[in-house]
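A.B. asks: There's a structure below that I have some questions on.
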Amino acid sequence: MTTETAGSGRSTDALAVLLDAADRMPGAAELRSFSYDVLGAAPGRSVVDVGCGAGRAVAELDGRGAAAVGVDPDARMIALARSRWPEADFRIAGAYELPLSDSSVHGYRADKVLHELGEPERALGEALRVLAPGGRIVLIGQDWDTFVIDSDHPALTRTLVHARADLTAGPRTARRYRNLLLDAGFGDVTVEVRTGVLTGPTVLPLLTGLAEGACSAGALTREETNRWIADQRSRATRDRLFLALPLFTAAGTAPR
């Protein structure tokens, strides 16, 4: 999800489907809850969720008693979030210019956002501006070069993973979280990696999307793409799909 530009209606609808699927993946709810704990989300605390998408995290933060604001540059996505969670506070804005006053929130959360930004350093500078002294930041995301996929075509798999990664603005931003936070001036920086293991047929659309992305970039021929997808479809029918996806969670504290 990009927090720099709003998407078209079609891309917004497709993204909402992907985000809903991601929210249902094994371990996703636990990871969200962990991020709220790290933020210290509780009554009397204010939090901004940057790139909030369809708004689930904002609603869950509100459920903990925190005063949560969700921001996203896509007006259609914000409209969807408001329809799902009408009592929550959603605003149209990107990561570089948040609609918040200086030192106005206690927590900043960005889930699957920074790898879509051409200037993650700029976004972290904006995070420092809106965070109160001692406020907490949490970044969550995947490293696009480290998708681990079982396949009968390992060479094609290596090619398509890296080709699809190169379509992302910052495919290796997640492995830079610690250094980005330190360079921005945050303290008490920690990083945790949790690896999701996905094996069910619901993974097939994600794998198909990776292959089609690599094909659109010219890294695979149509014949190679079809062959790779056919292998994964066969695995899905035989309960042999396997994807391991490391998710990086980094946290830090704004200077006092």
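A.B. asks: With a cut-off of 8 Å between alpha carbons and a minimum separation of six or more residues, what is the relative contact order of the range 18-69 in percent? Spell out each step's value before the answer.
C.D. replies: Details: 45 pairs, mean separation 18.6, N = 52.
Answer for the range 18-69 is 36 percent.
A.B. asks: If you don't mind, another one. Counting only heavy atoms of protein chains, what accessible area per residue, in Å², does the chain have with a probe of 1.4 Å?
C.D. replies: Using a 1.4 Å probe on heavy atoms only, each residue of the chain averages 44 Å².
A.B. asks: Turning to a different aspect of this structure: For the Cα atoms of the chain, what angle does the longest principal axis make with the long axis of helix 9-24, in degrees from 0 to 90, nearest 10?
C.D. replies: Tilt of helix 9-24: around 90 degrees.
A.B. asks: Now, a different point. Can you tell me the 0 to 90 degree angle between the C-alpha axis of helix 28-39 and the longest principal axis of the chain, rounded to 10?
C.D. replies: The answer is roughly 30 degrees.
A.B. asks: Ignoring any ligand, DNA or RNA, what whole percent of the accessible area of the chain comes from carbon and sulfur when the probe is 1.4 angstrom? Working shown, then result.
C.D. replies: On the way: 5960 of 11390 Å².
The computed percentage sits at 52.
A.B. asks: Let me ask another. Can you give the FRET efficiency to the nearest 0.05 for ARG227 and GLU192, using r as the Cβ-Cβ distance and R₀ = 30 Å? Write out the running numbers ahead of the final one.
C.D. replies: Working: r = 37 Å, r/R0 = 1.24.
Rounded to the nearest 0.05, the efficiency is 0.20.
A.B. asks: Still on this structure, please answer the following. Based on DSSP H runs of at least 4 residues, each adding -39500 (n - 2.57), what is the mean residue ellipticity at 222 nm of the chain after dividing by all its residues, to the nearest 500 deg cm²/dmol?
C.D. replies: On the way: 9 runs with 106 residues, N = 256.
Only helices count here, giving -13000 deg cm²/dmol.
A.B. asks: Please work out whether the range 193-239 counts as rounded, prolate or oblate from its C-alpha gyration tensor, where a ≥ b ≥ c are the square roots of the eigenvalues and a/c under 1.5 means rounded, while otherwise a/b larger than b/c means prolate and anything else oblate?
C.D. replies: Taking the square roots of the gyration eigenvalues as a ≥ b ≥ c, the range 193-239 is oblate.
A.B. asks: While we're here: Mind sorting out which of [x] 1.07; [y] 1.14; [z] 1.02 is the real Cα Rg over 2.2 N^0.38 Å computed from the coordinates?
C.D. replies: [z]
A.B. asks: A further question follows. Taking the simple approach of a point 7 Å from Cα along Cα-to-Cβ for both GLU97 and ALA29, what is their distance in nm?
C.D. replies: A separation of 3.9 nm, rounded to one decimal place.
A.B. asks: Quick one: helix 222-237 against the long Cα principal axis of the chain, what's the angle to the nearest 10°, folded into 0 to 90?
C.D. replies: Computed tilt is about 80 degrees.
A.B. asks: Same structure again: So how do 230-239, 138-147 stack up, highest first, on mean other-Cβ count within 10 Å?
C.D. replies: Numbers: 230-239: 14.9, 138-147: 21.5.
Descending mean neighbour count gives 138-147, 230-239.
A.B. asks: For a test of the definition: using alpha carbon positions, the gyration tensor, and the 1.5 limit on a/c, classify the range 48-150 as rounded, prolate or oblate. Could the numbers behind the result be given before it?
C.D. replies: Details: a/c = 1.57, a/b = 1.15, b/c = 1.37.
Note, shape of the range 48-150 comes out oblate.
The values are calculated or read from the model by the stated rules, or taken from the named source; none is laboratory data. On a predicted model such as this, the values are computed, not experimentally measured, just so you know. Cβ atoms come from the backbone with ideal geometry, glycine included; neighbour counts cover every protein chain shown. Side chains are part of the model used for accessible areas, which takes the heavy atoms of the whole protein and leaves out ligands, DNA and RNA. Shrake-Rupley method; radii C 1.70, N 1.55, O 1.52, S 1.80 Å.
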